[in-house]
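The block underneath contains the structure these notes are about, expressed in structure tokens.
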Amino acid sequence: MAIEGSKSETRDRPIRLGMVGGGVGAFIGAVHRIAARIDGEFELVAGALSSTAEKAEASGRALGLDPSRVYSDFRQMAIREARLKDGIEAVAIVTPNHMHFAPAKEFLTRGIHVICDKPLTATLADARKLKDIAEKSDALFVLTHNYTGYPMVRQAREMVAEGLLGDIRLVQMEYPQDWLTEAIEQDGQKQAAWRTDPTKSGAGGSTGDIGTHAYNLGAFVSGLELDELAADLDSFVPGRALDDNAHVMMRFKEKNGVRAKGMLWCSQVAPGHENGLKVRVYGTRGGLEWVQADPNYLWYTPFGEPKRLITRGGAGSGAAAARVTRIPSGHPEGYLEGFANIYAEAARAIYARRKGETIDAAVTYPTLEDGIKGMLFVDACVKSSKKNGAWVKV
């Protein structure tokens, strides 16, 4: 498989990785650590795993880190690691949204590659500042929109790019969940508490948390650029400060004489949906449908012909899917592998930089530009909803 084959071809030694956030009990930090280990391309050697010294030290011990490279201050970590001969080459930032900007700035300015969880930042202003900082840095910036790492999402993108669907007319995106149906943030549930707090999450609730995933996925597969949107945001749970449901209509920029339309629904108050991410793309010659809950399958319908099932690693699956496939068809790959594919692509780019080589054009991962687009999406949704669903330019 492509991922496994690439290791022996490109790797001389694992990339020294640090982590900001992700201490004991943190969900997404553990996911990033697993993803970084899957292909053996990264070695976690340092961390500012918590701003509380005692918790940072305990987390470092649990992960087997050298005590001298466990920090309670990410700035101290950035300064010291940049000076060490064997200091970290990349850092994973896995903190709540409001704590993305400051660590990213510290490491980028010191030439350390950044792998950051999404969304990019808590505010559009910080996102724009980070863009300026990144442009002045020699370091890479990778955003972990992990669903773009799924093989059949890559397959769908490849089929659209090859023109198999013709000119794109419609993009339908949805991402319903049900875990915030009740006000669990008021009972101290940690994930709910910060995700519903505008000072930590930013201006968007469900729009920022999962709506950005759905939007990013639709844009990634279709190759379209969003032009304007009209959004209706709700906070159905009494007392909730941020939206927990959104309906968004979209108009994309014209391409090949066609101005495609889109619809996005994201919700965290939809009972019966655990993680219902889905994308459908329709063009003049056919349509595609991918469902995250059944990720190894892609439905393709050429216009006027029977519906066809394309499986990961099976007949009809192309080079883009094979590139990020590890195991034989019929054996499920999913969430962790999707994250790992982003890390694997980041590793390829970092290896190229390490050797002073040009990064292979086939290397694909979400960038800071994708993060800016996500922040613009959230900002436009909030503005539109405040204007009773008026159309807003993105």
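The values are calculated or read from the model by the stated rules, or taken from the named source; none is laboratory data. Here the structure is a predicted model, which means the values were calculated and not measured. All Cβ positions, glycine included, derive from the backbone under ideal geometry; neighbour counts span all protein chains shown.
Where in region 1-110 are there strands (runs of 3 or more DSSP E), lying wholly inside it, with at least 2 residues that are buried (at least 23 other Cβ atoms within 10 Å of the Cβ) and of a type outside the set (A, V, I, L, M)?
So the answer is 42-48.
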> Got at least one residue in region 329-337 being out of contact with any Lys or Arg (no Cβ under 6 Å at 6 or more places or on another chain), within 27 Å of Thr284 (Cα to Cα), assigned to a loop (DSSP other than H, G, I, E, B) and touching a residue at least 12 places away in the same chain (Cβ under 8 Å)?
Replying inline: no
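A quick yes/no check of all residues on (1) assigned to a loop (DSSP other than H, G, I, E, B); (2) out of contact with any Phe, Trp or Tyr (no Cβ under 7 Å at 6 or more places or on another chain):
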site: Gly304; (1), (2): yes, yes
site: Leu309; (1), (2): no, no
site: Gly314; (1), (2): yes, yes
site: Ala322; (1), (2): no, yes
site: Ala344; (1), (2): no, yes
site: Arg348; (1), (2): no, yes
>> Suppose we filter Leu130, Leu120 for residues that are touching a residue at least 60 places away in the same chain (Cβ under 8 Å), part of a loop (DSSP other than H, G, I, E, B), aliphatic (A, V, I, L, M) and outside the structural domain of Thr311 (by TED's automatic domain parsing); which single one remains?
In response: Leu120
> Listed residues Leu336, Leu309; which is surrounded by fewer than 18 Cβ atoms within 10 Å (Cβ to Cβ) and not assigned by TED's automatic domain parsing to the domain that holds Gly262?
Replying inline: Leu336
> With Ile88, Ile133 as the choices, which residue is closer than 21 Å to Ile15 by Cβ and either out of contact with any strand residue (DSSP E or B) (no Cβ under 6 Å at 6 or more places or on another chain) or modelled with pLDDT of 95 or more (or both)?
Replying inline: Ile88
>> Considering only region 232-251, I want to know if a residue exists there that is in a helix (DSSP H, G or I), buried (at least 23 other Cβ atoms within 10 Å of the Cβ) and not acidic (Asp, Glu).
In response: no
>> Just to verify a result, which residue in region 168-213, among those that are polar (S, T, N, Q) and assigned to a helix (DSSP H, G or I), is farthest from Thr121 (Cα to Cα)?
In response: Gln186
>> Given the options Gly25, Gly40, name the one that is assigned by TED's automatic domain parsing to the domain that holds Val142, modelled with pLDDT under 95 and under 22 Å from the mean Cα position of the chain (by Cα).
In response: Gly25
> Scanning region 322-361 for residues that are acidic (Asp, Glu) and under 19 Å from Tyr147 (Cβ atoms), which turns out farthest from the chain's Cα centre (by Cα)?
Replying inline: Glu333
